[in-house]
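What follows is one structure encoded as structure tokens, with my remarks underneath.
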There are 2 protein chains.
Amino acid sequence: MVSRVPSKARPQLSPDLVVAAAAQVLEREGFEGLTMRAVAAQLQVQAPALYWHFPNKDALQVALYDHLMADLVFELQGRDWRKDIFDMAQQLRRHLLARRDVALLLPHGFFVGPNIMGHAEKILAILIRAGLAPKDAGYAMSTGFSYVITWVIGEADLVARRATGHDGNDELAQAMVATGAYPHFAQVIGSFEAGGDVDGQFAFGMNCLIAGFAQLIPER
Amino acid sequence: MVSRVPSKARPQLSPDLVVAAAAQVLEREGFEGLTMRAVAAQLQVQAPALYWHFPNKDALQVALYDHLMADLVFELQGRDWRKDIFDMAQQLRRHLLARRDVALLLPHGFFVGPNIMGHAEKILAILIRAGLAPKDAGYAMSTGFSYVITWVIGEADLVARRATGHDGNDELAQAMVATGAYPHFAQVIGSFEAGGDVDGQFAFGMNCLIAGFAQLIPER
DNA sequence: ACCTGAACACCGTTCAAGT
DNA sequence: ACCTGAACACCGTTCAAGT
């Protein structure tokens with residue numbers, strides 16, 4: 001007789017366990033390696049088993065994204081709302097960059113999850129307290145959120161390309177500049193030869209947005 | 001003997017022909033249907049034939065994106081740089097929305113192609129003429145570009161979801177609001193019940209950016 | 001030089017069947 | 001209720017072989 005409660009019993013599958021396994025696969029194999037089969041293997045289970053807990057891969061990805069936001073806690077000064085918003089953007093950026101390929105999990109726009117909601121609530125509180133109308137606060141948040149996500153995808157891509165050596169895109173750009181048909185572009189490229197300041201560029205865009213947000217506060 | 005120049009001769013394959021076929025497939029089947037096999041079928045050719053003209057699917061996608069930008073011509077007033085930048089963003093948005101799934105072609109950041117370069121040159125000219133330093137102009141352009149792309153992906157997704165009926169995300173949002181744990185979020189959702197103004201929201205974000213750009217112009 | 005045929009090594013997902 | 005085995009209908013890509 002086989003024991004009904006085997007000692008090596010791997011715990012029964014649950015959505016949380018699946019998400020945790022997916023997180024490990026993502027960190028180890030990257031976004032391209034995040035397949036249903038790989039997640040199943042991580043759990044020592046067959047791929048179709050996952051479909052009992054998630055309707056499809058998209059749903060798993062969304063849950064995974066939310067899961068990876070669980071340990072993001074904004075640390076704010078609470079003196080100037082502009083600084084607070086900026087700090088949140090910066091901390092979100094760092095958080096996303098520190099975990100492999102997280103930003104790629106969200107092909108489509110904003111969505112809802114328990115952890116995400118907590119962050120959104122905090123951001124909206126600050127914006128509304130700063131004087132923005134609720135509707136404007138909503139616009140501002142989603143705009144800022146999109147900015148950070150898009151930025152992180154670009155930045156991760158950049159460091160990946162630098163790691164693998166030459167760009168391929170850079171060469172093409174050089175070639176086109178050499179034609180002399182793009183004087184302004186050439187000028188801009190030239191100003192980047194020092195290497196470009198990633199932190200500075202991120203701050204630039206974010207501060208642009210914040211400056212725009214500030215204009216929405218009605219005069220009192 | 002078979003004639004050496006068959007009358008029904010489909011012209012020999014070329015990168016341009018492949019890209020044109022890919023454009024048709026994208027418009028007809030959408031991004032998900034854009035497979036090497038489908039493009040090949042459009043050309044009445046076997047899939048591996050494409051690999052003679054493009055090293056891989058990514059390269060084809062990039063070429064396709066650039067191709068789809070060929071018939072975008074910015075129409076500008078040339079009086080106020082802010083208005084011109086805004087108009088370009090608006091026209092780019094409309095252009096992207098009018099062609100199915102174009103914005104999805106660019107998973108990674110900016111890249112280079114002949115048509116793209118022409119547009120970049122025009123944008124940079126305006127920004128530099130407005131008084132931005134070349135480096136700032138470069139930052140501004142890529143920030144604005146990312147904004148529009150991300151926006152369009154979100155907007156296309158939105159109309160797609162509306163077309164298919166209920167959201168699934170909306171329901172979840174409602175449920176979370178009902179918990180009462182997210183008062184600000186609830187407030188924001190409430191202010192959108194009128195339906196939300198897509199054009200207005202796009203303009204909002206873009207104007208935020210432009211306001212930020214303006215702050216970079218040194219005082220004279 | 002340019003394309004076909006056949007195959008490799010995968011995918012997400014479904015579904016009957018087991019326990 | 002929860003998972004396996006086997007399969008379906010695909011993918012991108014490689015490569016020997018044809019012309």
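The values are calculated or read from the model by the stated rules, or taken from the named source; none is laboratory data. This is a predicted model, so every value here is computed, not measured. With ideal geometry, Cβ positions are generated from the backbone for all residues, glycine too; neighbour counts draw on all protein chains shown. For the accessible areas, the whole protein counts, side chains as well, though only heavy atoms, and no ligand, DNA or RNA atoms are used. Shrake-Rupley method; radii C 1.70, N 1.55, O 1.52, S 1.80 Å.
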How much length is gained on full extension from B:ARG162 to B:ALA98, taking 0.36 nm per residue of separation minus their Cα-Cα distance? 21.3 nm
Using a 1.4 Å probe on the protein chains only, how many percent of the accessible area of the protein assembly as shown belongs to carbon and sulfur? 55 percent
Given an 8 Å cut-off on Cα distances and at least 6 residues of separation, report the relative contact order of the stretch A:57-160 as a percent. 34 percent
Roughly how big is the A-B contact, given as buried accessible area in Å² (both sides, 1.4 Å probe, nearest 100)? 4500 Å²
What is the count of Lys pairs in the protein assembly as shown whose alpha carbons sit under 20 Å apart, if the two are 8 or more places apart or on different chains? 4
Relative contact order, percent, the stretch A:15-68 [alpha-carbon distance under 8 Å, six or more residues apart]: 39 percent
Express in Å², to the nearest 10, the accessible area of B:LEU92 obtained by rolling a 1.4 Å probe over the protein heavy atoms while all chains stay in place. 20 Å²
Output the relative contact order of the stretch B:81-214, whole-number percent, from Cα pairs under 8 angstrom with separation of 6+ residues. 36 percent
Hey, can you find the accessible area per residue of the stretch A:85-220 for me, probe 1.4 Å, expressed in square angstrom? 45 Å²
Among B:VAL148, B:VAL39, B:VAL177, which one shows the highest mean-square fluctuation when chain B is modelled as a Gaussian network with alpha-carbon springs under 10 Å? B:VAL177
Cα-centre dipole for the stretch B:43-97 with unit charges at Cβ (Lys and Arg positive, Asp and Glu negative), debye to 20: 140 debye
Rounded to the nearest 10 Å², what accessible area does B:ARG162 have for a 1.4 Å probe in the complete protein model? 150 Å²
At 222 nm, what value in deg cm²/dmol follows for chain B if DSSP H runs of at least 4 each add -39500 (n - 2.57) and the sum is divided by all its residues, to the nearest 500? -20000 deg cm²/dmol
